[in-house]
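Have a look at the structure below before the remarks.
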Amino acid sequence: MFDRDQFALIAKALGAIERVFVLSINDRPEVRDLFRDGCFAATLVCANGSNGP
């Protein structure tokens, strides 16, 4: 488990990437705050274990 300082380092490193990347992370207010300053676009993906609608 990462602490807040480690998430800040991750956000900084990911913000320097000039390509597209995928980050899977729990959607929590404090996590959104950490990644808010970068050029990140959040996409909601529902994962319920099924392959169909």
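Every read-out reported here was derived from the displayed coordinates using simple, explicitly stated rules and does not represent laboratory data. For clarity, every value in this text was computed on a predicted model and none was experimentally measured. Note that each Cβ is placed from the backbone with ideal geometry, even for glycine, and that neighbours are counted across all protein chains shown.
Summary table below
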read-out	value
Neighbour cut-off at most 15 other Cβ (10 Å), DSSP loop, trypsin sites (Lys or Arg not before Pro), region 1-41	ARG19, ARG36
Net charge over other residues, Cβ less than 13 angstrom from the Cβ of PRO29 (K, R count +1; D, E count -1)	+1
